[in-house]
Structure formats: C-alpha cells, structure tokens
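S.K.: Structure incoming, see below.
Just so it is clear, none of the values below were taken in a lab; they were calculated from the coordinates. Not measured: the values here are computed from a predicted model. A quick note on method: Cβ atoms are made from the backbone with ideal geometry, for glycine too, and the neighbour counts reach across all protein chains shown.
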Amino acid sequence: ASHMGDDLEKVLFTEDQIRERLAELGEEIWRDYEGKDLLLVGVLKGAILVMADLMRTLPGSVPMDWMAVSSYGSGTKSSGVVRILKDLDTDISGKHVLIVEDIIDSGLTLSWIRSNLESREPASVEICTLLRKPDAAKVEIDCKYVGFEIPNEFVVGYGLDFDEQYRNLREIGTLAPHVYS
Ligand code: PRP
Ligand code: MN
Ligand code: MG
C-alpha cells in the first residue's frame, strides 16, 4: 500500500469541512425528528463513515440498521441493477426511517431502496446524503438532507471507493489519472 494522498488529483472536501457540514445536518435532523420514532438506515458500504460521524452529532440515542445492495460492479459506472445482499434486521413499520448515504450519483440505487422501504409501511422515509451529483441524475429523487452538491466527477474517500480502495481516506477528492491506467 502506498500513500493515498499521492493518488489524489484534488481534494474537494477536507475532514474539517465534512465534520462541520455533518454537524449542521445533525442539528436539522434532530430538530425535525423531535418526539418521533427515528431509525437511521445506512447503505453498505459507502455510508459507514457518514453514519458513524452523523449519528455522533445527535445529542440523544438513535438506533441504526443497515442494508447492503449491489448496484455497481468494480468499475466507476452504475449498472442500474439492484439486488439485496443484506436486508434490514428490524421491522420498520410505523417508524420514521432516515436513509443515510454517502452519494447520490445516477440516483438508481436510492430510488430503488426508497420504494422498497416504503412498501414496508413505515411512518415516513427520508434521505440524507453527504454528496449529490445533480448532473448525473437519471431519476429524480426527493432528498431532504444534502451535504454538498458536486460536479459529475468520480470521487473517492470518506467511505467512497474505487475498486474497494480509498474508503479510509479522511478527505474526499478526485483521483489522479495515473490511478486509472
Ligand atoms: C455507490 C454509492 C451509492 C451508489 C450511488 O455504492 O455508495 O450507494 O453507488 O450510485 P447511484 O446513485 O448511481 O445508484 P456502490 O454500489 O459503489 O457500493 P459501495 O457503497 O459498497 O461502494
Ligand atoms: Mn453505496
Ligand atoms: Mg462503490
């Protein structure tokens, strides 16, 4: 393993910027869900760091659950095919579900997950994503909490991978061309 920093072309968001934005979203979420039975649902694996840091901005106890779906192969393009690899452990009927994601790219993954969860009769389903690429959208998604909107570039770090690498990078950035070749 070589130094990850050398593989970045540019840093889009530093650790501090991510932490500050998540704190703002956490405040909003805490206010909006006051007195409600909230369940955070993370999407493996990209959302692990967003979940870890977002939930720790919340001042009270909140449960979480996880889903794993396959939508991408090992490359950088969405296949549009969604399959459940790991379902939720809990029954979400009557609960206020907040899906936690790292990025909305084409939107195909989340639109599928959202309608799948909505069919289980929760009290509500909303989405919180750290990143969103408006120019890459193939389907419209109503997303209540968005950290940052970014241009249509492939980004890694902070949970986001390229072929399973770079998830442990503390910042978010674009990869240098030499990494692809
Ligand atoms: C990535 C990302 C989102 C999804 C967004 O996950 O974490 O879940 O793709 O893409 P879309 O909006 O075009 O559907 P990926 O399938 O790569 O799995 P991972 O989270 O395990 O990296
Ligand atoms: Mn993902
Ligand atoms: Mg991925």
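S.K.: Whole-Hz Karplus ³J(HN,Hα) for segment 110-122, in order, using 6.51 cos²θ - 1.76 cosθ + 1.60 and θ = phi - 60°, x for Gly and Pro?
M.R.: 5, 5, 5, 4, 4, 5, 4, 5, 4, 6, 9, 6, x
S.K.: If you take the beta carbon distance between Lys10 and Lys36 as r and set R0 to 41 Å, what does 1/(1 + (r/R0)^6) give as a FRET efficiency, to the nearest 0.05?
M.R.: Details: r = 40 Å, r/R0 = 0.97.
Once rounded, the FRET efficiency stands at 0.55.
S.K.: Please give the contour-minus-distance gain from Val82 to Glu27: 0.36 nm per residue of separation, less the Cα-Cα distance, rounded to one decimal in nm. Don't skip to the answer; put the middle values down first.
M.R.: Values: separation 55, 0.36 × 55 = 19.80 nm, distance 3.19 nm.
My answer for the length gained is 16.6 nm.
S.K.: What's the local net charge at Lys144, with K and R +1, D and E -1, over the other residues with C-beta under 10 Å away?
M.R.: Details: positive: none; negative: Glu28, Asp32, Glu126, Asp142.
After counting each charged neighbour, the total is -4.
S.K.: Okay, next question. Note the angle between two axes, namely the Cα long axis of helix 15-32 and the longest principal axis of the Cα atoms of the chain, as a number of degrees from 0 to 90, rounded to the nearest 10.
M.R.: Orientation of helix 15-32: about 10 degrees from the principal axis.
S.K.: Compute the relative contact order of segment 16-152 as a whole-number percentage, counting only Cα pairs closer than 8 Å that sit 6 or more residues apart in sequence. Display every interim value, and only then the final one.
M.R.: Working: 245 pairs, mean separation 29.7, N = 137.
With pairs under 8 Å counted, the relative contact order is 22 percent.
S.K.: Once you place label points 7 Å from the Cα toward the Cβ at Ala123 and Ala137, how far apart are they in nm?
M.R.: 2.8
S.K.: Sticking with this structure for a sec: List the residues whose amide H sits under 5 Å from the amide H of Leu12, counting only those 5 or more places along or on another chain, with H placed 1.01 Å from N in the peptide plane.
M.R.: Amide H to amide H, under 5 Å and 5 or more residues apart or across chains, Leu12 pairs with Ile172, Gly173, Thr174.
S.K.: Also: Pop out the Kirkwood hydrodynamic radius of segment 16-152 from its pairwise C-alpha distances, inverse of mean 1/r, in Å to one decimal.
M.R.: Details: mean 1/r = 0.0660 Å⁻¹.
Across segment 16-152, the inverse of the average 1/r is 15.1 Å.
S.K.: Quick one: give the max-minus-min coordinate of the C-alpha atoms of segment 76-181 along each principal axis, largest first, in Å.
M.R.: Sorted largest first, the three principal extents are 49, 26, 26 Å.
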